[in-house]
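The values are calculated or read from the model by the stated rules, or taken from the named source; none is laboratory data. Since the structure is predicted, the reported quantities are computational estimates derived from the model, not experimental observations. Cβ: placed from backbone, ideal geometry, glycine included. Neighbour counts: every protein chain shown. The protein model used for the area step is the full one, side chains on, heavy atoms only, and it has no ligands, DNA or RNA in it. Shrake-Rupley method; radii C 1.70, N 1.55, O 1.52, S 1.80 Å.
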Amino acid sequence: MRHLMTPLDLSVEELDKLMKKAEEIKADPDKYAHACDGKILAALFYEPSTRTRLSFEAAMLHLGGKTIGFADATSSSAAKGESVADTIRVVSCFADIAAMRHFKEGAPMVAAQFSGIPVINAGDGGHQHPTQTLTDLMTIKSSKGKLSSMKIGMCGDLKFGRTVHSLIRALLRYEDISFVFISPDELKLPDYMIEELNARSDVSYKEVTRLEDALPELDVLYMTRVQKERFFNEEDYVRLKDYYILDSRKMELASSDMIVLHPLPRVNEISVEVDKDPRAKYFEQVLNGMYIRMALILMLLGIEV
Ligand code: NCD
């Protein structure tokens, strides 16, 4: 039985296979409409979510399966003090696969150790978010035709943004990747991520504060929201939340084939005027997210179509 906690749980070959499968499903969804007949996905969400939870649920429904779960820990027995370990043992009696989001880093990993069914980390605190990474990789691959030889800019909350941490880990496995990390001083990448980068002599990266300076040289710009829920005080959040706003004027500095990604939800960091720019790929990313989760569910359940 396999779980998915970080993108490193999948080999590069498996990542490629998943992206290929997701494209196949996208092109011919009817072929997969009954692949999971009789199967149940449990969505265990201890933290708010729109895209991730709904796309897991839609993925299972489109495969012919059913879903159970909770979208709010206060409506589950967690409110009575039940441990994640006990909850997953119980859920293993009811479902075939589980997606868990938790505010505590490592909680899905604990669940996996006690689980009788595959567990997918759907985001754990400021740590990792592997299925968002699958979505991001699929969108980069389909827009740019490759995942190697690229300069990737990551902008915003690089400290608490788990999507950033997972995506860096995954991209480090492709050739000739360089990064520009764009953030205020307070929201720089955590030390453990910097250590992972420093351990790789073939990867170059720089940390800058001005988005305008980085824009002209990027192939991909990954924007992120300042993670309000992980701040210790409101004052810091208010000071930092609008630090970066990507608008049409700034987009003029970027190359004509740079793409803009964002895991969403967006707050103010991308003006809505950018949405109509053909380089804006964040809504396409959402759609890809459902197909790649369909491919992942099939893989973890060992279902071939
Ligand atoms: C992200 C998350 O939950 O980490 N959202 C998502 O799953 N698409 C990004 C965010 O909340 O900022």
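Would you check if residue 290 is within 16 Å of the ligand (Cβ to nearest atom) and at pLDDT 95 or above?
Here the answer is yes, as residue 290 does meet what is asked.
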Residues of the range 191-203 satisfying the condition of being open to solvent by 30 Å² or more (accessible area, probe 1.4 Å), not in a helix (DSSP H, G or I) and not basic (Lys, Arg): 199, 201, 202
Residue list for the range 152-180, filter: under 24 Å from residue 247 (Cα atoms), touching a Pro at 6+ places or on another chain (Cβ under 7 Å) and either modelled with pLDDT under 95 or more than 11 Å from the ligand (Cβ to nearest atom) (or both): 159
Residue 299 within 24 Å of residue 5 (Cβ to Cβ), of a type in the set (A, V, I, L, M, F, W, C) and at pLDDT 95 or above: yes
Subset of the range 67-76 [open to solvent by 40 Å² or more (accessible area, probe 1.4 Å) and at pLDDT below 85]: 75
Restricting the range 143-164 to residues that are of a type in the set (D, E, K, R) and part of a loop (DSSP other than H, G, I, E, B), the residue that is least open to solvent (accessible area, probe 1.4 Å): 157
Subset of the range 250-269 [under 21 Å from residue 226 (Cβ atoms) and away from the ligand (no atom under 12 Å from the Cβ)]: 250, 251, 260, 268
Qualifying positions in the range 54-65 - more than 9 Å from the ligand (Cβ to nearest atom) and either in contact (Cβ under 8 Å) with a residue 12 or more places away in the chain or closer than 23 Å to residue 228 by Cβ (or both): 54, 56, 57, 58, 59, 60, 62, 63, 64, 65
Which numbered condition residue 192 misses (of (1) away from the ligand (no atom under 15 Å from the Cβ); (2) within 22 Å of residue 49 (Cα to Cα)): (2)
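Here's the yes/no breakdown for (1) free of Cβ contacts under 8 Å to residues at least 24 places away in the same chain; (2) open to solvent by less than 20 Å² (accessible area, probe 1.4 Å):
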position: 252; (1), (2): yes, no
position: 261; (1), (2): no, yes
position: 268; (1), (2): no, no
position: 274; (1), (2): no, yes
Verdict on residue 16 being open to solvent by less than 70 Å² (accessible area, probe 1.4 Å), away from the ligand (no atom under 16 Å from the Cβ) and of a type in the set (Asp, Glu): yes
Which numbered condition residue 285 misses (of (1) in contact with a strand residue (DSSP E or B) (Cβ under 7 Å, 6 or more places away or on another chain); (2) among the polar types (S, T, N, Q); (3) open to solvent by 60 Å² or more (accessible area, probe 1.4 Å)): (3)
Filtered residue count, the range 205-232, keeping only those that are in contact with a Lys or Arg (Cβ under 9 Å, 6 or more places away or on another chain) and away from the ligand (no atom under 13 Å from the Cβ): 10
Looking only at the range 115-142, and only at residues there that are in a helix (DSSP H, G or I) and touching an Asp or Glu at 6+ places or on another chain (Cβ under 8 Å), the one that is farthest from the ligand (Cβ to nearest atom): 142
In the range 204-231, the residues that are open to solvent by less than 50 Å² (accessible area, probe 1.4 Å) and more than 25 Å from residue 124 (Cβ to Cβ): 208, 211, 214, 215, 218, 219, 221
First in the range 79-101 and in the same structural domain as residue 39 (by TED's automatic domain parsing), second anywhere and within 16 Å of the ligand (Cβ to nearest atom) and of a type in the set (Ser, Thr, Tyr), Cβ under 6 Å, 6 or more apart: 101/49
From 46, 32, residue being open to solvent by less than 20 Å² (accessible area, probe 1.4 Å), touching a His at 6+ places or on another chain (Cβ under 8 Å) and in contact (Cβ under 8 Å) with a residue 40 or more places away in the chain: 32
Which numbered condition residue 83 fails, given (1) loosely packed, with under 14 Cβ neighbours inside 10 Å; (2) more than 16 Å from the chain's Cα centre (by Cα): (1)
